[in-house]
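Participant: Sending over a structure as structure tokens; questions will come in a sec.
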Amino acid sequence: MRIFILAVDGLEYDLVKKWHLSNLKQEVFGWIDVSSFRKILTPILWASFITGKPPETHGVTSWWTLSSISWIDRLFHLVRYRSPVIKHIPDWRLRKMVEFLGLDIRPPQKSDLQERGLLTIFDCASRPVAIDVPSYSETADTRALYARAMEGGIMKYENEIWRVHKRRIEEIWDKLNLDWDLFMAWVDLCDQMGHMWMGKNMLKMLKAYTRIDRLAYRIKQVLPNDTLFVIVSDHGFGVSPDGYPCHSSRAFYSFNTDMGWRPEGILDYAGFVREVLLKKSA
Ligand SMILES: [Zn+2]
């Protein structure tokens, strides 16, 4: 059996249910609780998803890795999260400051996991495709586009989010024709729109969610019959008690086929993917 994983960042279970997004809900659907993670942060959660390991083991702590020299990295993160001043500087601005100092900064990558001797779900596949998977194949390019757009104001930023999304869909479409056995594509439209509009402009949220629902429908139309189609999120989205958009601990999942298995936590997926892929080759 092949597996296609549509990784929808920040997809909120309650909204999928409320808006009856049937292509996202699929045969089996539900949510897992990720509140046991000290930091509900995208790259940390996806690193756990693809390795099946907790943050202490995979070592991803942030959107950025400062250098291949781990003591500089550790020192940086210590300062980043302990210092009251630096704590409140947005990641993209901090990245600029670090670049200004001439230090090498990049998103965490596949090689960081390999250095720790960790296997990912992609190591269990013979012909894997990984589009923009955080902590694995995500590049700094998109983030540079976002950062530049953000400087131009909120509308420019929002336009860039949609442009990036379109580009990703084109890449998914290009690579779907390859002979793959594991395909994982990450899209951050719902998460980005959530940070901007959750609780403020639900029409914009609905637009993003229906776009993803439609994407799931279109992909399913062209997938080979023996494909397990998994839609999964790293966390959900809500509004904090003081009224700001924030990550929620409800991480969505759904499967097009009932394999008799349900995840209980984000660490469970890697083993399950491995088992399904092995069954195929047995
Ligand atoms: Zn996320």
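Values in this text are rule-based calculations from the coordinates and carry no lab data. This structure is a prediction, so every number in the text was calculated from the model and none was measured. Backbone-built Cβ (ideal geometry, glycine too); neighbour counts: all protein chains shown.
Participant: Once you have the Kirkwood Rh of the range 231-282 from its Cα pairs, apply Stokes-Einstein at 10 °C and 1.306 mPa s and quote D in µm²/s.
Facilitator: It comes out at roughly 121 µm²/s.
Participant: To continue, here is another question. Given the C-alpha atoms of the chain, compute the convex hull and give its volume per residue in Å³.
Facilitator: Working: hull volume 37.6 nm³, N = 282.
Convex hull volume per residue, Cα atoms: 133 Å³.
Participant: Counting just the Cα atoms, what span does the range 190-282 cover along each of its three principal axes? Round to the nearest Å and put the largest first.
Facilitator: 53, 29, 18 Å, listed from the longest principal axis down.
Participant: Obtain the nm distance between the two label points defined at Ile154 and Thr142 by a simple spin-label model: each point lies 7 Å from its Cα along the Cα-to-C-beta direction.
Facilitator: Roughly 2.4 nm, to one decimal.
Participant: Let me ask something additional. Could you identify which residue out of Gly30, Gly236, Gly260 has the top mean-square fluctuation in a GNM of the chain using Cα springs shorter than 10 Å?
Facilitator: With Cα springs under 10 Å in the chain, the top fluctuation among Gly30, Gly236, Gly260 is at Gly260.
Participant: Follow-up question, since we're still on this one. With a Förster radius of 30 Å, plug the Cβ-Cβ distance of Trp173 and Arg262 into 1/(1 + (r/R0)^6) and report the FRET value to the nearest 0.05.
Facilitator: For Trp173 and Arg262, the calculated efficiency is 0.45.
Participant: Non-local amide H neighbours of Gly59 (under 5 Å, H modeled in plane, Pro and chain starts lacking H): which ones?
Facilitator: It is none; the list stays empty.
Participant: Counting pairs on different chains as well as pairs 8 or more places apart, how many Lys pairs in the range 121-268 have Cα atoms under 27 Å apart?
Facilitator: 13
Participant: Quote the relative contact order of the chain in percent (integer), defining contacts as alpha-carbon pairs under 8 Å separated by 6+ residues.
Facilitator: Reported as a whole number, the value is 40 percent.
Participant: I'd like to compare 267-275, 183-191: which one has the highest average count of other Cβ atoms within 10 Å, and what's the full order after that?
Facilitator: Most protected by this proxy first, the peptides run 183-191, 267-275.
Participant: Continuing with this model, one more query. Throw me the Rg/Rh for the range 90-248, computed over C-alpha atoms with Kirkwood Rh, two decimals.
Facilitator: Using only Cα positions, Rg/Rh for the range 90-248 is 0.98.
Participant: Under Stokes-Einstein, with the Kirkwood radius over Cα pairs standing in for Rh, what whole-number D in µm²/s applies to the range 7-47 at 37 °C and 0.692 mPa s?
Facilitator: So the translational diffusion coefficient is about 279 µm²/s.
Participant: Let me ask something else about it. Rounded to a whole number, what is D in µm²/s for the range 135-201 from Stokes-Einstein with the Kirkwood radius over alpha-carbon pairs (10 °C, 1.306 mPa s)?
Facilitator: The Stokes-Einstein estimate is 118 µm²/s.
Participant: If you take all C-alpha pairs in the range 114-165, what percent of them are over 15 Å apart?
Facilitator: So the portion of pairs separated by more than 15 Å is 59 percent.
Participant: Can you tell me how much longer the chain between Ser35 and Leu223 gets when fully stretched, taken as 0.36 nm per residue apart minus their C-alpha distance, in nm with one decimal?
Facilitator: On the way: separation 188, 0.36 × 188 = 67.68 nm, distance 3.35 nm.
64.3 nm is the gain from fully extending Ser35 to Leu223.
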